[in-house]
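Please read the structure below before turning to the comments.
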Amino acid sequence: MSEPVLEVRNLQVRFGTKRGVAEVVNGISYDLHAGETLAIVGESGSGKSVGVLALMGLLPQPPAAVSGSVQYRGEELLGLSPKQWRGIRGKGMAMIFQDPMTSLNPVRTVGYQLTESMAIHLNLKGDPARSRAIELLDVVGIPSPEARVDDYPHQLSGGMRQRVMIAMGLACDPDVLIADEATTALDVTTQAQITDLVAELQDRVGMAVIWITHDLGVVASIADRVHVMYGGRFMEQAGADDIYGTPQHPYTEGLLGSLPMPGAQRPDKLMTIPGLPPDPVAMPAGCPFAPRCAYADEASCLDTVPAMEGVGDGHEAACHHPLGVNA
Amino acid sequence: MSQPLVEVSNLQVYFPILSTGAVRRHINDVKAVDGVTFEVYRGETLGLVGESGCGKTTTGLALLRLIEPTGGNVTFDGSDTSLLSTSELRALRKRMAMIFQDPYASLDPRMSIGKIVAEPLEIHGLVAGRTEKHRRVGDLLEMVGLSPDYRNRYPHEFSGGQRQRVGIARALATEPDFIVCDEPIAALDVSIQAGVMNLLEDLQRELGLTYLFIAHDLSAVQHFSDRIAVMYLGRIVEVADRVGLYEDPRHPYTQALLSAVPVPDPVVERGRSRIILEGDVPSPIDPPSGCNFHPRCPQAFGPCPGDDPQLLAISGRQVACHLYADSGAVNA
């Protein structure tokens, strides 16, 4: 495979709080290659959103303290000045946010918001920018884009607003598109429209996508690789087929078992994971999942953080007791 | 099957739109629920699915008369709820309860959870004296998997899943027959959802409860329900048992909805073909003529824009679609 577009090494994010230091992201590392879709899956509070906000330089420091290394095409991003960042955001890496209702500016037209970044990165202004905005709205499947370009966000439905967000993300042909729970606020039929759209655009322009979600179902059809995140760490990372087919980490197994499967067969009971996710101010000393894990033992799990180790071809898990292929 | 506990016939809930200005004329209606008919049988779970804005929550609220229906009637255990006086309705409310979607908004932050669970007991005069109340609240908390020692704590001290359990304990306090569960798991994390669903199932088995389970998540509804009603833009388009609906959906909307539900298995996903619907759900203020799904329907034909299809019984289910009008259907 070619050189990765994005290399993340040992990324850590901490926040100073009244109760102490919250350890939200605790050393995550990954590579992202052109044209690839990486899914980062985790529950609320697992650090998945904060992890990508740090990547985009969108965490104000302080209160956040970001360390580690993020390299975009060989260039170190952490520690760039706001001006240097402006050259990367939008053009190199763009982000689609979770809630299109609150992340669009209510007092500006869709067209204004779409062309804002074009002026900075592509030096496109006036009519050429406007026609590119209309073209983008057409690409993301908004009917009669010539009229819609002058609409305000409140005149659009939730699905259309999310499409506008995607169009904004695509405005300057980024190499990396980060979708943070981009379909969570949408209905399933609209969600299907959006995931199909992103996959199709990705095929066409070859960008890499990081898809952040809590829903293992959504990413099954679109992810090349899946990283499962818990307590600010990756618990397991593998190709999509391996994660769903032969999960090795007890947390992944628990997550998959707790999903109701659409189908005629009804399992007797859904699997449940007892307990609650860890408090980032008081992270367990060992494996963050150990207090809830059925396989945890006192000898290693409670004291030592397990390292990410290979358990199969391109399949790694951070667990002292991986489940094994026949689990 | 046993007797229906709840019968809903031609239920309508319209929210009026008034003009602005000195004289506020009634200019139009939001037709949130527009002629819904179904039954819920004793001991079963009827799932009600649909996308946001289709009127499923309004239907649930109108069933308990927490919203006054505009038309149609709801019969609960033989008595028409629209004819009841306030005191009769209050007596009936003991037998029906609701579990709300958002466990953060549906518990009063200034009441301890013991008080929250005791409130319905006090209102309906179900406990005589403090000791009995104390014991009953303890029992209820235990029933939903919370320690009775938590009774003096406040909602903010609990996680989302635990709060939802408090909401369930409150709903169970009056020993109801019928519970409307309005998206009880939508606000919870995946690993917590399963616990709440298992609890609801256990309680149904132990207490013989009847549920109306309202959700937008088709996988959860399918896991949980005996029969499923699919709603679109204020109407029911299909009612079938869970296996029938999954294996052989008849209404084009049901087919599209099912095909859009992501399956957490990439191998299965690769073999599926999705029906992607065009456009958005139309406004319930001015719904399309005839079958209100026809502008988005991939199979729309001659009669669809003009005639409103009735919910007809065919091979053990009900479908409101012109495609099946001639297949020996009988008026349901």
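The values are calculated or read from the model by the stated rules, or taken from the named source; none is laboratory data. Everything numeric here is computed off the predicted structure, so don't read it as measured data. Every residue, glycine as well, gets a Cβ built from its backbone with ideal geometry; the counts of neighbours run over all protein chains shown.
Exactly one residue out of A:Leu55, A:Leu124, A:Leu136 is in contact (Cβ under 8 Å) with a residue 60 or more places away in the chain and buried (at least 19 other Cβ atoms within 10 Å of the Cβ), and it is A:Leu55. For the stretch B:14-67, which positions are buried (at least 18 other Cβ atoms within 10 Å of the Cβ) and farther than 30 Å from B:Pro252 by Cβ? Hit for the stretch B:14-67 is B:Leu64, nothing else. Counting only residues that are in contact with a helix residue (DSSP H, G or I) (Cβ under 9 Å, 6 or more places away or on another chain) and among the hydrophobic types (A, V, I, L, M, F, W, C), the stretch B:41-68 holds 6 of them.
The combined condition, being β-branched (Val, Ile, Thr), touching a residue at least 60 places away in the same chain (Cβ under 8 Å) and more than 25 Å from A:Ser258 (Cβ to Cβ), is fulfilled by B:Val239.
Looking only at the stretch B:234-245, which residues are outside any strand (DSSP E or B) and surrounded by fewer than 20 Cβ atoms within 10 Å (Cβ to Cβ)? If the condition is that a residue be outside any strand (DSSP E or B) and surrounded by fewer than 20 Cβ atoms within 10 Å (Cβ to Cβ), then B:Val243, B:Gly244 are the ones that fit.
Just for strands (runs of 3 or more DSSP E) wholly inside the stretch A:30-112: which have at least 3 residues that are within 26 Å of B:Ala187 (Cα to Cα)? Passing ranges, in order: A:37-41. Checked against (1) assigned to a loop (DSSP other than H, G, I, E, B); (2) over 17 Å from the mean Cα position of the chain (by Cα); (3) within 14 Å of chain B (Cβ to nearest Cβ), A:Ala182 meets all criteria but (2). The residues in the stretch B:169-196 that are under 15 Å from the mean Cα position of the chain (by Cα), modelled with pLDDT under 90 and buried (at least 24 other Cβ atoms within 10 Å of the Cβ) can be counted, and the count is 2. With respect to A:Gln162, determine if the residue is in a helix (DSSP H, G or I), in contact (Cβ under 8 Å) with a residue 40 or more places away in the chain and crowded, with 21+ Cβ neighbours inside 10 Å. So A:Gln162 fits the description; yes. Sub-6 Å Cβ pairs linking a first residue in the stretch B:273-285 that is among the acidic types (Asp, Glu) to a second residue that is surrounded by 13 or more Cβ atoms within 10 Å (Cβ to Cβ) and assigned to a loop (DSSP other than H, G, I, E, B), at least 6 apart or interchain, are B:Asp280/A:Ser157, ordered by first then second residue.
Answer yes or no as to whether A:Leu177 is aliphatic (A, V, I, L, M) and not in a strand (DSSP E or B). No, not satisfied. Those strands (runs of 3 or more DSSP E) of the stretch A:216-327 in which 1 or more residues are in contact with a Gly (Cβ under 9 Å, 6 or more places away or on another chain) and buried (at least 22 other Cβ atoms within 10 Å of the Cβ) occupy A:225-230, A:233-239, A:315-317. Pull up the stretch B:249-278, narrow it to residues that are facing chain A (nearest Cβ under 7 Å) and outside any helix (DSSP H, G or I), then point me to the one that is surrounded by the fewest Cβ atoms within 10 Å (Cβ to Cβ). Among them, the one singled out is B:Ile276.
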